[in-house]
Amino acid sequence: NAGVTQTPKFQVLKTGQSMTLQCAQDMNHEYMSWYRQDPGMGLRLIHYSVGAGITDQGEVPNGYNVSRSTTEDFPLRLLSAAPSQTSVYFCASSPTRPSGYTFGSGTRLTVV
Amino acid sequence: AQTVTQSQPEMSVQEAETVTLSCTYDTSESDYYLFWYKQPPSRQMILVIRQEAYKQQNATENRFSVNFQKAAKSFSLKISDSQLGDAAMYFCAYRRREYGNKLVFGAGTILRVKS
């Protein structure tokens, strides 16, 4: 089915470990974004991309890296996990024409 | 910077009745989009309805409708004939029309539906 695919769905990390959250979409969307969801704070933008090879920081970028080598993929890297990064992470994509974003199913990350 | 405020952390409604969720936003832009997303316990983000700021007519999708007051920067969601499946977290979100590559979210409102 067409959409945004995120993996893994759940992950537990130890403080200091690194990992990559995967995101892929098959709708040929130019825009892709990563958000984190924390209780009482809604979703906050971490990084976003307006096309292959172009990325920029969002509201809460510290501790995360992204790259966009293809239109389809937009991985999020945690460089050295910290307990403050315990959260639910969503990847989303959208065409350039104004419309709602399509979201992945989310990744629940716990850093211990 | 744009901000979105949802002042109701939780709301309750009796099944088959109507409930309104509030949202206000702050922007200096004149052309933008507003959205309501639903997040059930499954965690999936589901687009409920969207409103284009240059359209005066309020958007409607079946039992869901909005009251868009551009001058007041208010965007409330009305759910009619509430059903048990409507129970979820609801997020209001804003997106600029031009270079609209970012969604700005409110903190969310938990809606509980009583049978």
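The values are calculated or read from the model by the stated rules, or taken from the named source; none is laboratory data. Quantities reported herein were computed from a predicted structural model and do not represent experimental measurements. Note that each Cβ is placed from the backbone with ideal geometry, even for glycine, and that neighbours are counted across all protein chains shown.
Quick one: in region B:1-12, which of the residues that are of a type in the set (A, V, I, L, M) and within 14 Å of chain A (Cβ to nearest Cβ) is surrounded by the fewest Cβ atoms within 10 Å (Cβ to Cβ)?
B:A1
Restricting to region A:88-111, what's the tally of residues that are more than 10 Å from chain B (Cβ to nearest Cβ) and within 12 Å of A:V4 (Cα to Cα)? Selection size over region A:88-111: 2.
Report yes if A:M32 is aliphatic (A, V, I, L, M) and either under 11 Å from the mean Cα position of the chain (by Cα) or over 23 Å from B:F91 (Cα atoms) (or both), otherwise no. Against the criterion (aliphatic (A, V, I, L, M) and either under 11 Å from the mean Cα position of the chain (by Cα) or over 23 Å from B:F91 (Cα atoms) (or both)), A:M32 qualifies.
The residues in region A:74-87 that are more than 14 Å from chain B (Cβ to nearest Cβ), surrounded by 16 or more Cβ atoms within 10 Å (Cβ to Cβ) and part of a strand (DSSP E or B) can be counted, and the count is 2. For region A:1-33, filtering for residues that are in a strand (DSSP E or B) and in contact with a Ser or Thr (Cβ under 9 Å, 6 or more places away or on another chain) leaves 16. Looking only at region B:13-29, residues that are away from every other protein chain (no Cβ under 14 Å) and either more than 16 Å from the chain's Cα centre (by Cα) or in a loop (DSSP other than H, G, I, E, B) (or both) come to 9 in all.
Restricting attention to region A:35-65, which residues are among the aliphatic types (A, V, I, L, M) and either under 11 Å from the mean Cα position of the chain (by Cα) or surrounded by 21 or more Cβ atoms within 10 Å (Cβ to Cβ) (or both)? Give the steps one after another, and end with the answer.
Residues of region A:35-65 that are among the aliphatic types (A, V, I, L, M), as a first pass: A:41, A:43, A:45-46, A:50, A:52, A:54, A:60.
Of everything in region A:35-65, those that are among the aliphatic types (A, V, I, L, M) and either under 11 Å from the mean Cα position of the chain (by Cα) or surrounded by 21 or more Cβ atoms within 10 Å (Cβ to Cβ) (or both) turn out to be A:L43, A:L45, A:I46.
Check whether at least one residue in region A:5-13 is at pLDDT 95 or above, touching an Asp or Glu at 6+ places or on another chain (Cβ under 6 Å) and either buried (at least 18 other Cβ atoms within 10 Å of the Cβ) or aromatic (F, W, Y) (or both), and report yes or no. Checked against the condition, which is being at pLDDT 95 or above, touching an Asp or Glu at 6+ places or on another chain (Cβ under 6 Å) and either buried (at least 18 other Cβ atoms within 10 Å of the Cβ) or aromatic (F, W, Y) (or both), region A:5-13 yields no hits at all. Here A:R68 qualifies as part of a loop (DSSP other than H, G, I, E, B) and either within 14 Å of chain B (Cβ to nearest Cβ) or more than 11 Å from the chain's Cα centre (by Cα) (or both).
Hey, among A:S49, A:S94, A:S67, which residue is touching a residue at least 24 places away in the same chain (Cβ under 8 Å), among the hydroxyl-bearing types (S, T, Y) and farther than 23 Å from B:A53 by Cβ?
Numbers: A:S94 fails: farther than 23 Å from B:A53 by Cβ; A:S67 fails: touching a residue at least 24 places away in the same chain (Cβ under 8 Å).
None of the other options fit; the residue is A:S49.
Does A:Q37 satisfy being under 25 Å from B:A107 (Cα atoms) and either more than 10 Å from chain B (Cβ to nearest Cβ) or out of contact with any Ser or Thr (no Cβ under 6 Å at 6 or more places or on another chain) (or both)? Here the answer is yes, as A:Q37 does meet what is asked. A residue that is modelled with pLDDT of 95 or more, buried (at least 18 other Cβ atoms within 10 Å of the Cβ) and among the hydroxyl-bearing types (S, T, Y) can be found somewhere in region B:33-45.
Under the condition of being aliphatic (A, V, I, L, M) and at the interface with another protein chain (Cβ under 8 Å from one of its Cβ atoms), which residue from region B:34-50 is farthest from B:L77 (Cα to Cα)?
Kept after step one, since they are aliphatic (A, V, I, L, M), are these residues of region B:34-50: B:34, B:45-49.
From what is left, the residues that are at the interface with another protein chain (Cβ under 8 Å from one of its Cβ atoms) are B:45, B:47.
Numbers: B:M45: 16, B:L47: 13 Å.
Looking at residues that are aliphatic (A, V, I, L, M) and at the interface with another protein chain (Cβ under 8 Å from one of its Cβ atoms), I get B:M45.
For the structure I just gave you, tell me whether B:K114 is touching a residue at least 60 places away in the same chain (Cβ under 8 Å), within 12 Å of the chain's Cα centre (by Cα) and surrounded by fewer than 19 Cβ atoms within 10 Å (Cβ to Cβ). Reasoning before the result, please.
Numbers: touching a residue at least 60 places away in the same chain (Cβ under 8 Å): yes; within 12 Å of the chain's Cα centre (by Cα): no; surrounded by fewer than 19 Cβ atoms within 10 Å (Cβ to Cβ): yes.
Spelling it out, it is not the case that B:K114 is touching a residue at least 60 places away in the same chain (Cβ under 8 Å), within 12 Å of the chain's Cα centre (by Cα) and surrounded by fewer than 19 Cβ atoms within 10 Å (Cβ to Cβ).
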